[in-house]
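Colleague: My structure is below; once you've seen it, I'll send some questions.
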Amino acid sequence: MTSTRKVWLNGAFIGWEAATVPLLSHGFSRASAIFEVFGIHEGPGGPFAFRMDEHLNRLMQSARLLGMEMAYSRKEMGQAVAQTVKTNAMGRGLIKILAYWGQEAVVQLVLESKLDTAIFAIPENEALHLDDPRPISACLSKWRKLHPETVPVAAKACANYLNGYLARRDAASRGFDVGLLVGTDGFLAEGSMESVFLVKGGVLKTPPLGRILPSITRRSILQVASAMGIPVLEEALPAEALFSADEIFTAHTGTKVSPVARFEDKTLPAPGPISKKLMEKMGRILAFQEDAFKDWLIPLK
Ligand SMILES: Cc1ncc(COP(=O)(O)O)c(C=O)c1O
């Protein structure tokens, strides 16, 4: 199945199976790679990428935060994404971009070369749960979110995902879909690969930037909620706020809004009224039915 797929690697297409790195590469053996994932949607006249500019900006920012140098400009990356979607004749699906040091680095910690860049087109499939509106369950993870003074948490870096992996494994072992991480200061941060929102007394609340990945979906939901007249607050939230929330949902690029039906031993409406409104609005935006947000879908030519 993957044998016909092509991967964009440093400016040329190669077969999916050939897109590998040496085990001793810095990217693999030190997990120093950075990445982005965003949605491709079928729209009028062809494929569109959801907020691709924002995702490419974040990729550039991840490189800057880690002292790494990208080999391609945002414009070149955008063109490469369009070529990758076209070459793979992909409809709905995800683009995953990886930027990494593919060269071997046995003892060197710091490399000066520009990053290798790979772009993968991953067509929609069951396991991706794209646009899945089904409610999920969530718990508080026993693991704390990486402290922002230990690594730049705003960088979408592979190494940061060991933290997310542990939270997800811990949640799964307790029978929950998602583990929500609290920072070492006791305030809520995010999930392994999702932002978290709660609703209390009609106000939509989410932890502030600085302790979390600057999620594009999170920002989109805050913008949509404001446009709909829903009061929003980005504020430090103690973990207890989750226990007294009227509604909870998580958000990431694949599903946008995932309502939480069970948080620890508490049952919640899923979706609750505000989550439902946001789900419907995001659905309309992605169906090209909201002129005010049509710039979020970038045509891939
Ligand atoms: C830790 C973390 N938080 C939040 C998100 C959501 O970010 P985005 O909306 O850009 O998908 C992700 C996505 O992968 C993530 O890994």
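Colleague: Which residues, taken from segment 21-42, are surrounded by 14 or more Cβ atoms within 10 Å (Cβ to Cβ) and either out of contact with any strand residue (DSSP E or B) (no Cβ under 8 Å at 6 or more places or on another chain) or not in a strand (DSSP E or B) (or both)?
Modeller: Result: 21, 26, 27, 28, 29, 30, 31, 32, 33.
Colleague: State yes or no: is residue 97 touching a Phe, Trp or Tyr at 6+ places or on another chain (Cβ under 8 Å) and either surrounded by 16 or more Cβ atoms within 10 Å (Cβ to Cβ) or within 22 Å of residue 190 (Cα to Cα) (or both)?
Modeller: Values: touching a Phe, Trp or Tyr at 6+ places or on another chain (Cβ under 8 Å): yes; either surrounded by 16 or more Cβ atoms within 10 Å (Cβ to Cβ) or within 22 Å of residue 190 (Cα to Cα) (or both): yes.
So residue 97 passes the test.
Colleague: Same structure again: In the list 248, 274, which residue meets the criterion of being more than 16 Å from the ligand (Cβ to nearest atom), outside the structural domain of residue 40 (by TED's automatic domain parsing) and farther than 20 Å from residue 51 by Cβ?
Modeller: Values: 248 fails: more than 16 Å from the ligand (Cβ to nearest atom).
Checking each option against the conditions leaves just 274.
Colleague: So which of 74, 51 is under 18 Å from the mean Cα position of the chain (by Cα), surrounded by fewer than 22 Cβ atoms within 10 Å (Cβ to Cβ) and over 21 Å from residue 152 (Cα atoms)?
Modeller: Values: 74 fails: under 18 Å from the mean Cα position of the chain (by Cα).
Checking each option against the conditions leaves just 51.
Colleague: In the list 199, 182, 153, 224, which residue meets the criterion of being on the phi < 0 side of the Ramachandran plot, buried (at least 18 other Cβ atoms within 10 Å of the Cβ), under 15 Å from the mean Cα position of the chain (by Cα) and not assigned by TED's automatic domain parsing to the domain that holds residue 25?
Modeller: Details: 199 fails: under 15 Å from the mean Cα position of the chain (by Cα); 182 fails: under 15 Å from the mean Cα position of the chain (by Cα); 224 fails: under 15 Å from the mean Cα position of the chain (by Cα).
Exactly one of 199, 182, 153, 224 is on the phi < 0 side of the Ramachandran plot, buried (at least 18 other Cβ atoms within 10 Å of the Cβ), under 15 Å from the mean Cα position of the chain (by Cα) and not assigned by TED's automatic domain parsing to the domain that holds residue 25, namely 153.
Colleague: Something else now. Of everything in segment 252-301, what is among the small types (Gly, Ala, Ser) and closer than 18 Å to residue 229 by Cβ? Give them in sequence order. Reasoning before the result, please.
Modeller: Initial filter on segment 252-301 (among the small types (Gly, Ala, Ser)): 254, 258, 261, 270, 272, 275, 283, 287, 292.
Once the filter is applied, which keeps residues that are among the small types (Gly, Ala, Ser) and closer than 18 Å to residue 229 by Cβ, segment 252-301 yields 272, 275, 292.
Colleague: Is it fair to say residue 169 is touching a strand residue (DSSP E or B) at 6+ places or on another chain (Cβ under 9 Å), outside the structural domain of residue 61 (by TED's automatic domain parsing), without any contact (Cβ under 8 Å) to a residue 24 or more places away in the chain and within 22 Å of residue 255 (Cβ to Cβ)?
Modeller: yes
Colleague: What do you reckon, is residue 215 within 15 Å of the ligand (Cβ to nearest atom), small (Gly, Ala, Ser) and closer than 15 Å to residue 236 by Cα? Walk me through how you get there before you give the answer.
Modeller: Details: within 15 Å of the ligand (Cβ to nearest atom): yes; small (Gly, Ala, Ser): yes; closer than 15 Å to residue 236 by Cα: no.
Spelling it out, it is not the case that residue 215 is within 15 Å of the ligand (Cβ to nearest atom), small (Gly, Ala, Ser) and closer than 15 Å to residue 236 by Cα.
Colleague: Can you say whether residue 232 is under 26 Å from residue 295 (Cβ atoms), at pLDDT 95 or above and assigned by TED's automatic domain parsing to the domain that holds residue 150, as far as the supplied structure shows?
Modeller: Values: under 26 Å from residue 295 (Cβ atoms): yes; at pLDDT 95 or above: yes; assigned by TED's automatic domain parsing to the domain that holds residue 150: yes.
Yes; evaluated as a whole, the condition is true for this residue.
Colleague: So, residue 89, is that one loosely packed, with under 14 Cβ neighbours inside 10 Å, under 30 Å from residue 264 (Cα atoms) and of a type in the set (A, V, I, L, M, F, W, C) or not? Give the steps one after another, and end with the answer.
Modeller: Numbers: loosely packed, with under 14 Cβ neighbours inside 10 Å: yes; under 30 Å from residue 264 (Cα atoms): no; of a type in the set (A, V, I, L, M, F, W, C): yes.
When the stated conditions are applied, residue 89 does not pass them.
Colleague: Give, as residue ranges, the strands (runs of 3 or more DSSP E) completely inside segment 58-158 that count at least 1 residues that are in contact with an Asp or Glu (Cβ under 9 Å, 6 or more places away or on another chain) and either under 28 Å from residue 250 (Cα atoms) or charged (D, E, K, R) (or both).
Modeller: Details: elements: 93-100, 116-123, 136-144.
Passing ranges, in order: 93-100, 136-144.
The values are calculated or read from the model by the stated rules, or taken from the named source; none is laboratory data. This is a predicted model, so every value here is computed, not measured. Ideal geometry is used to build each Cβ from the backbone, glycine not excepted, and the neighbour counts take in all protein chains shown.
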